[in-house]
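A short write-up of the structure that comes next.
Just so you know, all these numbers are worked out from the coordinates, no wet-lab data involved. The shown structure was predicted, so the numbers you read here are calculated from the model rather than taken from an experiment. Positions of Cβ are backbone-derived with ideal geometry, glycine not excepted, and every protein chain shown enters the neighbour counts.
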Amino acid sequence: QVQFVESGGGLVQPGGSLRLSCATSGSILLIYNMDWYRQAPGKQRELVASITNGGITNYVDSVKGRFTISRDNAKNTVYLQMNSLKPEDTAVYYCNENGGIGLWGQGTQVTVSV
């Protein structure tokens with residue numbers, strides 16, 4: 001089973017940008033959907049963005065126009081470019097496959113604060 005290692009989080013001011021990376025232990029070429037999720041304190045984990053192996057993307061309304069998901073099948077890596085960050089984007093971010101059926105990694109903390 002593919003394992004996921006998220007990185008790239010940190011502390012950023014509102015309006016700033018971060019690029020998250022998700023490295024996988026195996027090939028993602030045949031994985032249809034690669035997803036980014038987030039979980040804020042006291043809230044349920046939510047799907048933020050997904051990308052098919054054909055490059056079709058979907059986003060939750062709250063991040064449309066600000067976040068961009070991409071995947072590099074040759075490098076077995078998925079990215080989440082986050083721009084115009086808001087305090088409400090503060091959460092631990094995770095990647096997973098096909099609606100969350102894979103093993104969950106440790107995630108990467110994103111904190112948006114002055």
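I'd like the distance separating the alpha-carbon centroids of region 1-50 and region 69-114, in whole Å.
Answer, in whole Å: 2.
Among the DSSP beta bridges whose two residues both lie in the chain, what percent are antiparallel, rounded to the nearest 5?
Counting only bridges with both partners in the chain, antiparallel ones make up about 90 percent.
List the residues, sorted by chain then number, that are 5 or more residues from GLY105 or on another chain and whose placed amide H is less than 5 Å from its amide H.
Amide H neighbours of GLY105, under 5 Å, 5+ apart: PHE4, CYS95.
Could you name the lysines whose alpha carbon sits less than 18 Å from that of LYS64, not counting residues in the same chain fewer than 8 places away?
LYS86
Looking at region 1-107, which GluC sites (Glu not before Pro) are in a loop (DSSP not H, G, I, E or B) and have at most 10 other Cβ atoms within 10 Å?
Taking region 1-107 and a limit of 10 other Cβ atoms within 10 Å, no loop GluC sites (Glu not before Pro) are found.
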